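Data block below; observations after.
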Amino acid sequence: MKKLHVIIAVISLSLNACAQQTETEVKATTPVNLNYTTELVVPNLNTPWGMAFLPDGGILITEKAGELILFKNGTKTNIDGLPDIYVRGQGGLLDIEIHPDYKNNGWIYITYASAEGEGDGGNTALMRAKISNNTLVEKQVLYKAGPNTKKGQHFGSRITFDNDGYLYFSIGERGNRDENPQDITRDCGKIYRLNDDGTIPADNPFVNTPNAKTAIFSYGHRNPQGMAKHPETGAIWVNEHGPKGGDEINIIAKGKNYGWPIISYGVNYSGTAFTEITEKEGMEQPLFYWVPSIAPSGMAFVTSGKYPEWKNNILVGSLKFQYLERLVLENNKVVKREELFKNIGRVRNVVQAPDGYIYVAVEGKGIFKIIPKK
């Protein structure tokens, strides 16, 4: 029976090769003539996880260890009033985003690991607040995943708004792949959707499902650490870590199951298999997956005229290989990959700012600005 499963898996992979590509099918190359360079604009950061660009030119930066920094006019200012941050393993102060109407309402949103709630340890929370006199005020916890656990992996987490003003955020499966991601009555391993005030949208997919976590929008995820809104369709795209291989890019759709850990193109870190199938009815296939893993973090669509060769491409950070990856798309299919700024360091995030420039957050260094060469 095991041999039969392996044969079926190989056949399935072949049949789906036109729809999903792996790293081995679309090899990454290094561009011969890169028309862009980098400038370190915010130095001396340890683990800059999130970046939010303010209308006045300031940048809000989260440091995973538990600092919120405002960088403006070359000066760093610490913002006080953060909630208690549970710093353990991959957990800490995570993403930050501003409200689409920030100019009028001043709301900022952060995800962070929190020890509040049931059980020892921590889990991912979402808060909104405003800033007054360099202090967070009007703080409101909008969501807290539970139960807590002392495991140090897979907190997620990214935040994005869609064109209708709904807020999406991700939480990883917290190292409990056998219980959390496939169970909609449990938190973790999910993409969530809320109204901007934290209430549950009436058309969320599981609002009428008994005992379901009604904030869930999609499930079957491992550890999504990149999230971006498609500039034309408005759809929410995510990248997520696989284990050893099987990192994925997925287009998030209402109520869909993205398969973890029932289907995967990865294996255990030891090299042993945990599943023998890569597809199953009722589970979504990734748009793209990497074998071997690049450890993706941060993701941005390029729409700026400052980078004409990259227009409508995706940029994804690689923690493992320490470069910025460019993915060229045609009809939602990756047709080309490039390794940009090799050995820049562990890329934690990439954002296209309102000024049209792309900013890259690198662990142990800081935030770089990508600048066209003259």
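The values are calculated or read from the model by the stated rules, or taken from the named source; none is laboratory data. Because the structure is predicted, anything quoted here is derived from the model rather than measured. No Cβ is skipped: glycine too gets one built from the backbone with ideal geometry, and neighbour counts run over all protein chains shown.
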*Considering region 83-112 alone, what residues qualify as being in contact with a His (Cβ under 7 Å, 6 or more places away or on another chain) and more than 18 Å from PHE53 (Cβ to Cβ)?*
GLN90
*Which of the residues spanning region 302-322 are surrounded by 19 or more Cβ atoms within 10 Å (Cβ to Cβ) and closer than 14 Å to LEU34 by Cα?*
TYR307, TRP310
*Determine which single condition ILE96 fails, assuming it passes every other condition in (1) buried (at least 18 other Cβ atoms within 10 Å of the Cβ); (2) in a strand (DSSP E or B); (3) on the phi > 0 side of the Ramachandran plot.*
(3)
*Enumerate the strands (runs of 3 or more DSSP E) found wholly within region 1-88, keeping only those where 2 or more residues are at pLDDT 95 or above and more than 30 Å from GLU309 (Cβ to Cβ).*
59-63, 67-72, 75-78
*Out of the residues in region 116-154 that are under 30 Å from GLY58 (Cα atoms), touching a Lys or Arg at 6+ places or on another chain (Cβ under 9 Å) and of a type in the set (Gly, Ala, Ser), which is surrounded by the most Cβ atoms within 10 Å (Cβ to Cβ)?*
ALA125
_If LEU142 satisfies all but one of (1) assigned to a loop (DSSP other than H, G, I, E, B); (2) closer than 30 Å to GLY81 by Cα, what's the number of the condition it fails?_
(1)
*Kindly establish whether GLU67 is of a type outside the set (A, V, I, L, M), within 16 Å of the chain's Cα centre (by Cα) and under 21 Å from SER297 (Cβ atoms).*
no
*Out of (1) buried (at least 19 other Cβ atoms within 10 Å of the Cβ); (2) under 15 Å from ILE249 (Cα atoms); (3) in contact (Cβ under 8 Å) with a residue 40 or more places away in the chain, what's the single condition that is false for ARG326?*
(3)
_Looking only at region 269-301, and only at residues there that are small (Gly, Ala, Ser) and in contact (Cβ under 8 Å) with a residue 60 or more places away in the chain, the one that is surrounded by the fewest Cβ atoms within 10 Å (Cβ to Cβ)_ = ALA300
*Picking from VAL267, VAL291, VAL316, which residue would you name as being closer than 28 Å to PRO48 by Cβ and of a type in the set (Val, Ile, Thr)?*
VAL316
*Only one of these is at positive phi and either free of Cβ contacts under 8 Å to residues at least 60 places away in the same chain or in contact with a Lys or Arg (Cβ under 6 Å, 6 or more places away or on another chain) (or both): GLY266, GLY255, GLY234. Name it.*
GLY255
*Is there a residue in region 202-221 that is part of a loop (DSSP other than H, G, I, E, B) and closer than 14 Å to PRO286 by Cβ?*
yes
